[in-house]
Amino acid sequence: MEKTLEILRAVAEPTRLRLLAILSQGELTVSELVRVMGQSQPRLSRHLRILSDAGLLERLREGSWVFYRPATSNGAEGASRAKAILDLLPIDDAQVAMDRERLNEIKAARVQSAQQYFQKHAGEWDRLRALNVDEDAVTQACAQLLPMADAQDLLDIGTGTGKMLEQFAPDVQNAWGIDLNAEMLQVARANLDEAALSNVTLRQADLASLPFDDASFDAITCHQVLHFLDRPQTAVTEAARVLRPGGHLLVADLSPHNVEEMREQHAHRRLGFTDSEVKQWFADAGLKAQATVHLKGDPLGVTLWLGARQKNEIQNPQGKPV
C-alpha cells in the first residue's frame, strides 16, 4: 500500500503527469523537456526526481547529458503502474496534444540535423568510421560471428555506404539494404556496382518502420547505426519482427565512451551502449543473446552483439513470439 500511495502522490500534480506522458514517447534530456514544457530546468529537475524516486522513471547519464525515460521491464512494477496511469488519460486531452506537438517538432529537428550531417559526409563516411576500431577488423569480426551457412535472405539496416552488404551479400541468394538518406544510397550503389553484386536491392526506408513482412530474413545486420537514433531499441524491435525463426541479428556499435565532441561534430545521439542495455533490447524483442565481442579502439571501441530467434518459435499476426 505504501508504494502505491507513493506513486499516486508522485503523479498527483499536473506537471509530473505531463512529464510521464511525454516520456512515454521516448527518452529525453532535461533541456529537451524544458523546450517541450516551457518551464525552468530547476523546476523540471525537481519533478523528475520525484517521479524517479517513485520508480516511474529511469535516469541514464551519458557524459554531460542525462536522459530520462519510463521505467523498463527491469523495473516491472514501476513500468506497469506507469502504463496504468497513462491509460487513464483522455486521448484527446488538449495539453497532452500540445506537448506532443512540440515534442514532434524537436524530433523533426533532430532528424533534419542528422540528415544534413549524412549529406555532408556521405562521400567520406568510411573514413569517419575509422575514428574507432579499424574498419577491416570490425568487418572480419562480424564475418566470424554471424552464422551464414543456412542464410538465404539478408537485410542490412542503415546500410550507409554498403560495407556490410559487400561482406555478406555474396553468401546469400537475396540481399537488401535500407537507409533513409538518399546520398548514402548513391554511394552504396556505386560501391556495390564496383563489387559486381547483382543480388542486392537498395531501398530508401525508415528503420523504425521496415517495408517488409514479418519473418522475411534469415540474417540482419545493423552496423554503426544505433548511436544516431532517438530510440535505438525501436530499431532492434523492428529488426526482430522481420527476422525468421532460427535467424540471427548482428548489431555492431560503439562501446560506452565519453568523447563529447561526437555529439556536436558528428551528430551522435548516444555515446555508445552497454552490454546489459543491448541484451535487454534483445530480450524485450523476443531474441536470445548468443554472443558478445569487444573490440578495443583509440579513442572509440566497438562491440558486436549477436541475437537469435528460436527455430521452433511461433509468431502471432503482429510478428511477436507466443
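The values are calculated or read from the model by the stated rules, or taken from the named source; none is laboratory data. These numbers come from a predicted model, not from an experiment. Neighbour counts are summed over all protein chains in view; Cβ atoms, including those assigned to glycine, are modelled from backbone coordinates with ideal geometry.
For the stretch 147-160, give me each residue that is over 12 Å from F217 (Cβ atoms) and buried (at least 24 other Cβ atoms within 10 Å of the Cβ). Within the stretch 147-160, T159, G160 meet the criteria.
If the condition is being within 22 Å of P256 (Cβ to Cβ), among the polar types (S, T, N, Q) and surrounded by 14 or more Cβ atoms within 10 Å (Cβ to Cβ), then the stretch 30-70 contributes only S52.
For (1) of a type in the set (A, V, I, L, M, F, W, C); (2) within 18 Å of A141 (Cα to Cα), each residue gets a yes or a no:
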site	(1), (2)
I220	yes, yes
Q233	no, no
H248	no, yes
V251	yes, yes
H266	no, no
Q280	no, no
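Would you confirm whether or not the stretch 146-163 contains a residue that is assigned to a helix (DSSP H, G or I) and free of Cβ contacts under 8 Å to residues at least 60 places away in the same chain? Checking the stretch 146-163: not a single residue is assigned to a helix (DSSP H, G or I) and free of Cβ contacts under 8 Å to residues at least 60 places away in the same chain. Looking at N174, N132, just one residue is modelled with pLDDT under 90 and either assigned by TED's automatic domain parsing to the domain that holds V200 or among the hydrophobic types (A, V, I, L, M, F, W, C) (or both), and that residue is N132. The residue that is farthest from the chain's Cα centre (by Cα), among those in the stretch 16-74 that are part of a loop (DSSP other than H, G, I, E, B) and among the aliphatic types (A, V, I, L, M), is A54. Determine whether the stretch 6-23 contains at least one residue that is within 25 Å of L229 (Cα to Cα), in contact with a Pro (Cβ under 7 Å, 6 or more places away or on another chain) and modelled with pLDDT of 85 or more. Yes; the residues of the stretch 6-23 include at least one that is within 25 Å of L229 (Cα to Cα), in contact with a Pro (Cβ under 7 Å, 6 or more places away or on another chain) and modelled with pLDDT of 85 or more. Inside the stretch 269-293, residues that are among the polar types (S, T, N, Q) and either touching a residue at least 60 places away in the same chain (Cβ under 8 Å) or assigned by TED's automatic domain parsing to the domain that holds T29 (or both) make up a count of 1. Residues of the stretch 171-180 include none that is touching a Pro at 6+ places or on another chain (Cβ under 9 Å), closer than 30 Å to Q280 by Cα and assigned to a helix (DSSP H, G or I).
Listed conditions (1) touching a residue at least 12 places away in the same chain (Cβ under 8 Å); (2) under 19 Å from Q280 (Cβ atoms); (3) touching a Ser or Thr at 6+ places or on another chain (Cβ under 8 Å); (4) of a type in the set (D, E, K, R) are all met by E77, apart from (3). Residue-level analysis places F273 among those that are under 16 Å from F228 (Cα atoms), in contact with a strand residue (DSSP E or B) (Cβ under 7 Å, 6 or more places away or on another chain) and surrounded by 14 or more Cβ atoms within 10 Å (Cβ to Cβ).
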